Amino acid sequence: MRKKIVAGNWKMNKTLDEALALTSEVVNMVNDEVTGDVQVILCPPAIYLTTLNKYVENSPKIALAAQNCSDKASGAYTGEISASMLKSIGIEYVVLGHSERREYFGETNAQLAGKVNIALENGLTPIFCCGESLNQRQNEDYIGFVKNQITESLFHLSEEQFGKVVIAYEPIWAIGTGLTASSEQAQEMHAALRAHIAGKYGNEVADNTSILYGGSVGAANAEELFASPDVDGGLVGGASLKSRDFTTIIKARQ
Ligand code: PEP
């Protein structure tokens, strides 16, 4: 059975005090209100991970993710954070290939393959982001484009390694724009990606792969999006900065 997951990507938001307040609120709401089987993942800025780990360590439903890691093991890479550093402070997940990192920091499918490798070598679970731009959706084979992102960054993995990866489909045109993919659009892509995975690794691996949807998921649309059979949860940006909205989204997935 694949995991149901709701992850909150805070991006570059929140001061320390704000981060502590938001985490406390989410921990309390999840502990009090979430009864079902859903993995909640908070993705704060890396500088807060050590501190926030203490806030979530007694809440088994909640884990932490970094928003990125280096594709290098260690060395003279000023400003970078390695997978082994994240592991050493008790982090379980790492978001890789977010469209903002692809766009603003030039991350390529090949470089992301390296990041996925080093994350897995260090026992981190990659949350691998993929998705097409509006131009690609309107003018190109958008499903083929997203499948190719997965092929180039993930299909070198062994079956066992691939089994540890979480996929997040995030159409770029829906991220932070208030435009959400319809549940039909999300289901179409998720089903196509699951079939693509089945073609490479077989039905069992594909059935066990969690594929999250991301792109303006909010308290009002989460339930409808999560009702699609191949949508296993969400990667949530803006709405994860508000504890009540984020908890409503988590409850829609449990
Ligand atoms: C994201 O950053 O991954 C995201 C989906 O953002 P938003 O929910 O704000 O569109």
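The values are calculated or read from the model by the stated rules, or taken from the named source; none is laboratory data. No experiment lies behind these values; they were computed from the predicted model shown. Reconstructed Cβ throughout: ideal geometry from the backbone, glycine too, with neighbour counts over all protein chains shown.
Please tell me if Val116 is in a helix (DSSP H, G or I), touching a Pro at 6+ places or on another chain (Cβ under 7 Å), on the phi < 0 side of the Ramachandran plot and among the hydrophobic types (A, V, I, L, M, F, W, C).
Numbers: in a helix (DSSP H, G or I): yes; touching a Pro at 6+ places or on another chain (Cβ under 7 Å): yes; on the phi < 0 side of the Ramachandran plot: yes; among the hydrophobic types (A, V, I, L, M, F, W, C): yes.
Taking the combined requirement at face value, the residue satisfies it.
Can you tell me how many residues within region 1-15 are within 8 Å of the chain's Cα centre (by Cα) and loosely packed, with under 15 Cβ neighbours inside 10 Å?
0
Go over the candidates Ile150, Ile91 one by one and state the one that is outside any helix (DSSP H, G or I) and in contact (Cβ under 8 Å) with a residue 40 or more places away in the chain.
Ile91
Looking at region 28-65, which of its residues are in contact (Cβ under 8 Å) with a residue 40 or more places away in the chain, under 18 Å from Leu212 (Cβ atoms) and touching a helix residue (DSSP H, G or I) at 6+ places or on another chain (Cβ under 7 Å)?
Val30, Val34, Val38, Val40, Leu42
Here are some conditions: (1) closer than 19 Å to Asn28 by Cα; (2) touching a Ser or Thr at 6+ places or on another chain (Cβ under 8 Å); (3) of a type in the set (S, T, N, Q); (4) within 11 Å of the ligand (Cβ to nearest atom). Asn221 meets all but one. Which one does it not meet?
(1)
Each row is one residue, and each column tells you yes or no for (1) of a type in the set (Gly, Ala, Ser); (2) surrounded by 14 or more Cβ atoms within 10 Å (Cβ to Cβ); (3) at pLDDT below 95.
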{"site": "Glu103", "(1), (2), (3)": "no, no, no"}
{"site": "Glu107", "(1), (2), (3)": "no, yes, no"}
{"site": "Ala110", "(1), (2), (3)": "yes, no, no"}
{"site": "Ala113", "(1), (2), (3)": "yes, yes, no"}
{"site": "Val116", "(1), (2), (3)": "no, yes, no"}
{"site": "Asn122", "(1), (2), (3)": "no, yes, no"}
{"site": "Glu140", "(1), (2), (3)": "no, no, yes"}
{"site": "Phe145", "(1), (2), (3)": "no, yes, no"}
{"site": "His156", "(1), (2), (3)": "no, no, no"}
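Restricting to region 86-99, give me the number of residues that are surrounded by fewer than 19 Cβ atoms within 10 Å (Cβ to Cβ) and either within 16 Å of the ligand (Cβ to nearest atom) or over 10 Å from Gly123 (Cα atoms) (or both).
So in region 86-99, the residues surrounded by fewer than 19 Cβ atoms within 10 Å (Cβ to Cβ) come out as 87-90, 92.
With the extra rule that they be either within 16 Å of the ligand (Cβ to nearest atom) or over 10 Å from Gly123 (Cα atoms) (or both), the set shrinks to 88-90.
Total satisfying the criteria: 3.
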